[in-house]
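Visitor: I'd like to ask some things about the structure below.
Each value in this text was obtained by applying a stated rule to the coordinates, not by laboratory testing. Here the structure is a predicted model, which means the values were calculated and not measured. Neighbour counts are summed over all protein chains in view; Cβ atoms, including those assigned to glycine, are modelled from backbone coordinates with ideal geometry.
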Amino acid sequence: MSQPPKPRRSGPPHNPGVRELVAAKRRWSSPPKREEAMQGFRGWHERGYLPHRDEPGLTQFITFHVADSYPATLRSEWAALLQVEDDRERHIQLEAYLDKGRGECPLRQVDIARLVDAAFRFYHGKRYDLRAWVVMPNHIHALFKVEAVPLGRIVREFKEYTAREANKLLRRRGQFLAEDCWDTYMRDGGHELKTRRYIENNPVKAFLVREPKEWPWSSARFRDENGALHL
């Protein structure tokens, strides 16, 4: 008897080339040190969707998106973006799609946006050095320097906490954030500055406000006139 087809995921599907990509990156990079591996740092790895690099000392740009932000019912809108061969260009186009605000956009609700905004700040100076963040209607950007706690653990526990608490507020159960997330490590100070500006300008780019400081769920509101972040 044939098995029923598995339900289609609401986000970008399995990436058949990611395993080969990660294998190539592992060949030219140093493996995690023994003590780092024992702490849970995995170096270059993948979970079937995207490449990830988990090492102490890296400043990471993370994008989470709500589970229904790439609706299966609107697959014709975004499926073609997955065929873009250049990884960076594909990422840019998928991010632009997120700014269209597809799906239920639960992060538009004040109580849920406040929850996520506070969750980022709670572990600043404890698990990571938070550099920038923004909570958008259906996705979240964060920029932080990884210290003693592996990126994988930070992401997993953040997603577990926000799912549990957001679902209480929404009076529902099930997945809140998508299974995977995008992460990009910062190559240098210039790369980090450009990324920070991108994060804090996201609400302006999505035509939600006119100035970054007007958005209530962003690190922009904590910056002084010299660009220093005060938390």
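Visitor: Can you give me the distance in nm between label points at Lys205 and Asp188, each placed 7 Å from the Cα along the Cα-to-Cβ direction?
Guide: 2.2
Visitor: Along Cα→Cβ, 7 Å out, is where each label goes; now give me the distance between the ones at Leu169 and Phe122 in nm to one decimal.
Guide: 1.2
Visitor: While we're looking at this one, here's another question. Listed highest first by mean packing, meaning other Cβ atoms within 10 Å per residue, what order do 209-216, 129-136 come in?
Guide: Highest to lowest by the protection proxy: 129-136, 209-216.
Visitor: Checking the a/c ratio against 1.5 first, then a/b against b/c, what shape does the Cα gyration tensor give for the range 118-231?
Guide: oblate
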